[in-house]
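Comments concern the structure below.
The values are calculated or read from the model by the stated rules, or taken from the named source; none is laboratory data. Since the structure is predicted, the reported quantities are computational estimates derived from the model, not experimental observations. All Cβ positions, glycine included, derive from the backbone under ideal geometry; neighbour counts span all protein chains shown.
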Amino acid sequence: MTTPLEFGIDTFGDVTVDADGAPLSQAQVLRNVVEQGVHAEAVGLDFIGVGEHHREDFAVSSPEVVLAAIAARTERIHLGSAVTVLSSDDPVRVFQRFATLDGISGGRAEAILGRGSFTESFPLFGYELSQYEELFEEKLELFVALLEQEPVTWSGKTRAPLREQSVYPRVEHGKLKTWVGVGGSPESVVRTARYGLPMMLAVIGGGPLRFAPFVDLYHRALAQFQLPTQPVGMHSPAHIAETDELAQEQLWPHYRAMMDRIGRERGWSPMTRGHFEQEAGPEGALFVGSPETVARKVATAVDGLGLSRVDLKISNGSLSHEHLMDSIGLYGSAVVPRVRELLTETSTA
């Protein structure tokens, strides 16, 4: 199966700052995310993913509502989550929300399901962290059954059973496109393949090419399960400016503050400038720099991993809305065409 290469952005709706460095309200951040989605379509990007969090530093707890607002102001761009924390949600309700979004948007909805990197949703919605694995496994199984849009009979330990239950609204054309977000564990890779779903790699530390063994495992597992080849995508943090130096200087203080805040919760060492520059370099996970620098790094990842989509996470801590809009503009107008040029050169060499 040959899948056209797509380019998208992801955002968690990080709470950003105004021109004076004061945090914006979460309400204003939500409005800004909608503007970012509209801008992404205007500059030719294919997808916007909005993440789900339940924390003070992120404004979005209901991605589908934000995506519906973007849908109302766009015509072409696909709309998805980045990710939906399925473990602490109800698969039936998740399916209904995305089926509704798909109808509103004329078939542009995509669900990206995952376990998320934060756990605040578990106590918020009454789930036990001790069931972390079991919750995701069972709920993914049920969600996959719902994709067939036939009456579902299902039973498990974490949710009430269903008996010949139909779920509405129906997806108008075909199945709801559904990915699974994978952090890189072999078990997660094989599980995604077992259900025959596309895989979205979360590349948030270390070079993208270190995920090549997981991509190989995914394709081998699909073949072993006698399932067709599926797309592989990559999600990775990014910031684009006119020069490498400007991009790093704009991002560094905001990225450091974000990583140090999360690090204090998780027992990490403080972020150093050296580590930041290493991750922003050719072998790191941060796609930070000029359009040429980012394009070359993206092209290397696409070629090395056989990617069908690249989603760059443009929100990183309190980096301002204005910088995010500039970054989106450069991504669509300069990075994407340059990536296509580089890949054409590689294929004809």
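Would you be able to tell me the number of residues in segment 258-302 that are outside any loop (DSSP other than H, G, I, E, B), surrounded by 14 or more Cβ atoms within 10 Å (Cβ to Cβ) and small (G, A, S)?
6
Sort through G183, G207 and tell me the only one that's closer than 19 Å to L113 by Cβ and either under 22 Å from the mean Cα position of the chain (by Cα) or among the acidic types (D, E) (or both). Spell out the reasoning first.
Numbers: G207 fails: closer than 19 Å to L113 by Cβ.
G183 is the lone residue from the list that is closer than 19 Å to L113 by Cβ and either under 22 Å from the mean Cα position of the chain (by Cα) or among the acidic types (D, E) (or both).
Touching a Pro at 6+ places or on another chain (Cβ under 6 Å), over 20 Å from G281 (Cβ atoms), at pLDDT 95 or above and not β-branched (V, I, T): which single residue out of S308, S315 fits that description?
Within the list S308, S315, the selection yields S308.
Taking segment 306-349 as the search range and keeping residues that are within 12 Å of L5 (Cβ to Cβ), aliphatic (A, V, I, L, M) and in a helix (DSSP H, G or I), which one is nearest to the chain's Cα centre (by Cα)?
Selected residue: V336.
Given the criteria over 30 Å from L222 (Cα atoms) and surrounded by 20 or more Cβ atoms within 10 Å (Cβ to Cβ), does A71 qualify? Can you show your working first?
Numbers: over 30 Å from L222 (Cα atoms): yes; surrounded by 20 or more Cβ atoms within 10 Å (Cβ to Cβ): yes.
Answer is yes for this residue.
Mind checking which residues of segment 42-59 are out of contact with any strand residue (DSSP E or B) (no Cβ under 7 Å at 6 or more places or on another chain) and either in a loop (DSSP other than H, G, I, E, B) or surrounded by 20 or more Cβ atoms within 10 Å (Cβ to Cβ) (or both)?
Residues of segment 42-59 out of contact with any strand residue (DSSP E or B) (no Cβ under 7 Å at 6 or more places or on another chain): 42-44, 53-56, 59.
Within segment 42-59, V43, G44, H53, H54, R55, E56, A59 meet the criteria.
Scan segment 318-349 residue by residue and report those that are modelled with pLDDT under 95 and hydrophobic (A, V, I, L, M, F, W, C).
Hit for segment 318-349 is A349, nothing else.
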